[in-house]
Amino acid sequence: MKAKKRIIFTLLYESGNFVLSRNFRLQSIGNYDWLQKNYNFSNVSYHIDELVILDVTRENRNKNDFSNIVKKISENIFVPLTVGGGINSIEDAKLFFQSGADKVSINSYLFNKKNLAKEICNIYGKQCLVGSLDIKKENNEYLIYTNNGNNLVFSIDRFFKQNEICENIGELYINSINQDGTGNGLDFRLANIVNKKSSIPFIIAGGIGKIEDIKDSFKSEFIDALSTAHLLNFIGESLKNARILCKDNGISLASWPNIDQIF
């Protein structure tokens, strides 16, 4: 039986504030109090399948401050939570698991510290590790970048030949730098390439700007999970309406309790 499609929301955190990203250029939106006032994730979690929180701080990252924010958010949600950003040791992973994460995501340190994925996998299990790949399309080729899109690693084709990395990853988070924050829709060609080359389940991100983008993306057989990080476009009832729209169009999603029937 084919797995149900998943709607995922990603929060981007930078030095105490939540931010928007467009092609990896950041715009500060508001702090934790702003987030609670405008989103209240204890309610939003009834309309998404998972939540991802990424620390995208460029300088002077404070992991303890970030872990406290993660803990506050995780206390009032029931959906799986993935946390990432600057995780470069088992101690970092442990900190975020203790703060409420169900999974941790590593990006640059998949390549900069090649034993880390295996170490996390050995302790917590492969299902708890997400490999995050930031992809830029250049001259019709898809290339992996690390360190906030600044350092070229190699092509995505070569990545899927790196068995020592892939064998320790339970899921991939594929983010298109070109589409990031544009609201122009997903890079379907990128998603199709990943689907063909990888046996690892993946989330595709970058370009979702309205609820119709979610519905239209799920019409593609090779997209089972997608994420948006657009705080302003998905405020209020938007995520609830996205779920309704998908179900009305015959898209198979998990059924969560109706919040109005619980409280």
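Throughout, read-outs are computed from the coordinates displayed, never taken from laboratory work. Note that the structure is predicted; figures quoted are calculated from it, not measured. For neighbour counting, all protein chains shown are included, and Cβ atoms are generated from backbone atoms with ideal geometry for every residue, glycine included.
For the reader, a short list of remarks on this structure follows.
- Among residues other than Leu152 with Cβ under 15 Å from its Cβ, the summed charge is -1 (Lys and Arg +1, Asp and Glu -1).
- In this simple spin-label model, placing a label point 7 Å from the Cα along the Cα-to-Cβ direction at both Asn112 and Ile165 gives a separation of 1.4 nm.
- Of the beta bridges in the chain, as assigned by DSSP with both residues counted there, near 30 percent are antiparallel.
- The modelled label-to-label distance for the pair Asn23/Glu75, using points 7 Å beyond Cα in the direction of Cβ, is 4.1 nm.
- Sites listed here are trypsin sites (Lys or Arg not before Pro) in segment 125-207 whose DSSP assignment is loop and whose Cβ has at most 16 other Cβ atoms within 10 Å: Lys161.
- If you take the alpha carbon atoms of the chain and fit the smallest convex hull around them, that volume is 125 Å³ per residue.
- Cα centroid separation - segment 1-54 against segment 142-171, whole Å: 24
- With 31 Å as the limit, the listed pairs Lys197/Lys247; Lys118/Lys210; Lys37/Lys63; Lys103/Lys161 have Lys118/Lys210 beyond it between alpha carbons.
- Potential extension, Asn38-Ser199 segment - 0.36 nm per residue separation minus Cα distance: 54.2 nm
- Relative compactness, segment 71-227, computed as alpha-carbon Rg over 2.2 N^0.38 Å: 1.03
- Whole-Å semi-axes of segment 1-143's equivalent ellipsoid (Cα gyration tensor): 22, 19, 18
- Stretching Gln127 away from Asn233 to a fully extended chain increases their span by 35.1 nm, per 0.36 nm per residue minus the current alpha-carbon distance.
- For the pair Ser15 and Lys94 in one chain, pulling the backbone fully straight at 0.36 nm per residue adds 26.4 nm over the alpha carbon distance.
- Here segment 149-263 is treated as a Stokes sphere of Kirkwood radius computed over C-alpha pairs; at 25 °C and 0.890 mPa s its diffusion coefficient rounds to 156 µm²/s.
- Taking every alpha-carbon pair within segment 54-117, the share separated by more than 19 Å comes to 27 percent.
- For Lys136, the shell of other residues with beta-carbons less than 15 Å away shows a net charge of -1, using +1 for Lys and Arg and -1 for Asp and Glu.
- Modelled label positions at Arg61 and Leu245, each set 7 Å beyond Cα in the direction of Cβ, lie 3.3 nm from each other.
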